[in-house]
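Single-structure report; data block below.
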Amino acid sequence: MMTSKEKIYQKENQFIKLDKENVQNFINLVDKRFKSKSLIDHRYKFIKEEKHVLIPLNEAIVKEKIILNDLMKSIQYEIVQRKVTLNSKFKFKKIEHILKNRLPESALKLIPKSFDIIGSTAIVEFPTLNGFLDKEKKILKTEVAEAITIVNKSVKSVYEKVGQVKGEYRLRPLHILYGTDEPVTIHKENHAIFKLNIKEVYFTPRLVSERQRIINSEIKEGELIVDMFAGVGPFSIQIAKNRDVKIYSFDINSDAYKYLRENILLNKVEKKVFAYNIDTKILLDPDNKQGHLLHNRVDRIIMNLPESSIEFLDVACFLIKKSGGIIHNYQFCAKPDPIDLAIKNITNSLTDYKFEIKEIISAKKVKSYSPNSDLISIDVKLSSK
């Protein structure tokens with residue numbers, strides 16, 4: 001258990017204190033003696049006093065017992081502890097580099113290894129912070145959030161994910177940690193732009209490679225495509241920007257639909273992508289105009305609703321051409337054999353319909369979802385029985 005004193009968040013570093021006239025001499029000596037790793041810690045600003053300059057030292061080198069006396073035979077100096085100020089001109093590569101002198105060693109182990117950047121916002125999730133008081137947790141989280149904005153200059157607002165994705169619209173409960181509480185942002189991906197509100201719609205940048213993979217798949221000119229759970233349009237719009245196709249995009253969330261329509265215009269694909277604010281189950285209704293229009297006419301279907309996509313295979317089979325077509329299906333499947341389970345789920349579900357799997361084009365793990373399950377993508381070609 002850490003003591004209260006150990007839990008105080010330090011912002012101090014060792015400095016070498018020099019007379020002003022000796023500063024350039026010191027810098028020249030350092031440059032000559034240290035080539036690959038500088039003795040000066042350029043993350044922090046020099047401190048200028050009336051007669052002295054304090055230069056921040058790289059404590060990793062100091063800990064290696066480099067004897068400054070050997071370097072400074074003719075220069076008087078003093079080693080002092082001072083609070084640091086970040087050098088705005090220094091390019092930090094990792095948030096750990098910023099927080100090293102701000103947080104105690106035990107707290108550094110709790111820094112999240114990854115976070116989502118969506119436009120000018122970032123979403124971070126913390127592990128359980130056992131052994132810390134509420135005030136200390138707040139300081140730690142604020143320090144991490146500020147560090148994220150320093151490493152990523154485009155990020156202006158940092159939010160904490162304070163619960164699991166849930167509900168019909170797959171929304172994440174978010175709490176502002178740092179910056180302005182402005183959840184509306186513009187996200188750029190694969191030469192497309194997406195306006196969205198991270199509190200009102202579900203969007204993950206972690207599928208960027210997966211969306212690029214679908215764009216690069218063998219989509220034929222003139223295909224009719226359905227994006228069953230389109231969100232703000234990351235699949236639909238990116239395909240439309242790269243292929244001569246017609247895409248019908250559906251989403252039940254009215255906020256997602258609002259941004260989907262706006263993004264269609266922003267990306268100038270209004271002649272290719274057609275948006276609808278409905279539950280795709282309604283397409284099965286004999287009186288539904290869109291369902292009647294698309295029945296047995298669709299070449300390709302995207303089913304990115306991993307929690308329950310299998311429950312919508314009846315809609316997919318209603319829409320797909322009688323001769324068959326391609327389905328891009330996403331599922332959360334339990335380990336240890338999530339890919340086999342995903343294939344089994346589709347195969348078993350198709351027994352109730354007039355289609356069967358002619359070919360498994362692709363079956364792969366997209367990413368880990370939880371300790372017990374993975375996100376799996378399955379691309380299958382269906383044919384009539």
*Name the residues in the stretch 8-23 that are hydrophobic (A, V, I, L, M, F, W, C) and at pLDDT below 90, would you?*
ILE8
_If I ask for residues that are closer than 14 Å to ALA230 by Cα and in a strand (DSSP E or B), which ones from the stretch 272-299 would you list?_
VAL273, PHE274, ALA275, TYR276
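Select from the stretch 224-238 the residues that are closer than 14 Å to LEU207 by Cα and either β-branched (Val, Ile, Thr) or more than 20 Å from the chain's Cα centre (by Cα) (or both) and list them in ascending order. So that I can check it myself, show each step before the final result.
Kept after step one, since they are closer than 14 Å to LEU207 by Cα, are these residues of the stretch 224-238: 230-236, 238.
Within the stretch 224-238, VAL232 is the sole residue that qualifies.
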*Breaking point among (1) modelled with pLDDT under 95; (2) of a type outside the set (A, V, I, L, M, F, W, C); (3) under 16 Å from the mean Cα position of the chain (by Cα), for LYS141*: (3)
_Regarding the stretch 40-48, can at least one residue be identified that is at pLDDT 80 or above, part of a helix (DSSP H, G or I) and over 37 Å from the mean Cα position of the chain (by Cα)?_
no
*Of the conditions (1) more than 19 Å from the chain's Cα centre (by Cα); (2) modelled with pLDDT of 95 or more; (3) of a type in the set (Phe, Trp, Tyr), PHE132 clears all except one; give me its number.*
(2)
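Among the residues of the stretch 145-152, is there at least one that is outside the structural domain of ARG102 (by TED's automatic domain parsing) and part of a loop (DSSP other than H, G, I, E, B)? Can you show your working first?
Filtering the stretch 145-152 for residues outside the structural domain of ARG102 (by TED's automatic domain parsing) gives none.
So far as the stretch 145-152 goes, no, none of its residues is outside the structural domain of ARG102 (by TED's automatic domain parsing) and part of a loop (DSSP other than H, G, I, E, B).
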*Taking the stretch 82-100 as the region of interest, how many residues are under 23 Å from the mean Cα position of the chain (by Cα) and surrounded by 14 or more Cβ atoms within 10 Å (Cβ to Cβ)?*
6
_Top-ranked residue in the stretch 155-172 [being modelled with pLDDT under 95, assigned to a loop (DSSP other than H, G, I, E, B) and under 18 Å from the mean Cα position of the chain (by Cα); ranked as nearest to ILE198 (Cα to Cα)]_ = ARG172
*Does VAL315 count as part of a helix (DSSP H, G or I) and of a type in the set (Val, Ile, Thr)?*
yes
*asked:* Can you pull out every residue in the stretch 105-128 that is charged (D, E, K, R) and either outside the structural domain of VAL144 (by TED's automatic domain parsing) or at pLDDT below 90 (or both)?
replied: GLU105, LYS109, LYS113
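Conditions tested, residue by residue: (1) polar (S, T, N, Q); (2) closer than 18 Å to ASN263 by Cβ; (3) surrounded by fewer than 18 Cβ atoms within 10 Å (Cβ to Cβ); (4) in contact with a Phe, Trp or Tyr (Cβ under 6 Å, 6 or more places away or on another chain).
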position	(1), (2), (3), (4)
SER114	yes, no, yes, no
LEU129	no, no, yes, no
LEU133	no, no, yes, no
ALA147	no, no, no, no
GLY179	no, no, no, no
GLU182	no, no, yes, no
THR185	yes, yes, no, no
ASN197	yes, yes, yes, no
GLU210	no, no, no, no
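So which residues in the stretch 109-129 are more than 30 Å from HIS191 (Cα to Cα) and either basic (Lys, Arg) or under 21 Å from the mean Cα position of the chain (by Cα) (or both)?
Those that are more than 30 Å from HIS191 (Cα to Cα) and either basic (Lys, Arg) or under 21 Å from the mean Cα position of the chain (by Cα) (or both): LYS109, LEU110, ILE111, PHE126, PRO127, THR128.
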_Between GLU143, GLU136, which is touching a residue at least 40 places away in the same chain (Cβ under 8 Å), touching a helix residue (DSSP H, G or I) at 6+ places or on another chain (Cβ under 8 Å) and closer than 27 Å to THR85 by Cβ?_
GLU143
*Go through the stretch 269-317 and give me each residue that's in contact (Cβ under 8 Å) with a residue 12 or more places away in the chain, touching a helix residue (DSSP H, G or I) at 6+ places or on another chain (Cβ under 7 Å) and of a type in the set (S, T, N, Q).*
ASN277, THR280, GLN290, ASN304
_List pairs: first residue in the stretch 244-256 and more than 10 Å from ALA230 (Cα to Cα), second residue surrounded by 20 or more Cβ atoms within 10 Å (Cβ to Cβ) and of a type in the set (D, E, K, R) anywhere in the structure, Cβ distance under 7 angstrom, at least six positions apart or on different chains._
ILE247/ASP227
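The values are calculated or read from the model by the stated rules, or taken from the named source; none is laboratory data. In this text the structure is predicted, and so the values were computed from the model without any measurement. Ideal geometry is used to build each Cβ from the backbone, glycine not excepted, and the neighbour counts take in all protein chains shown.
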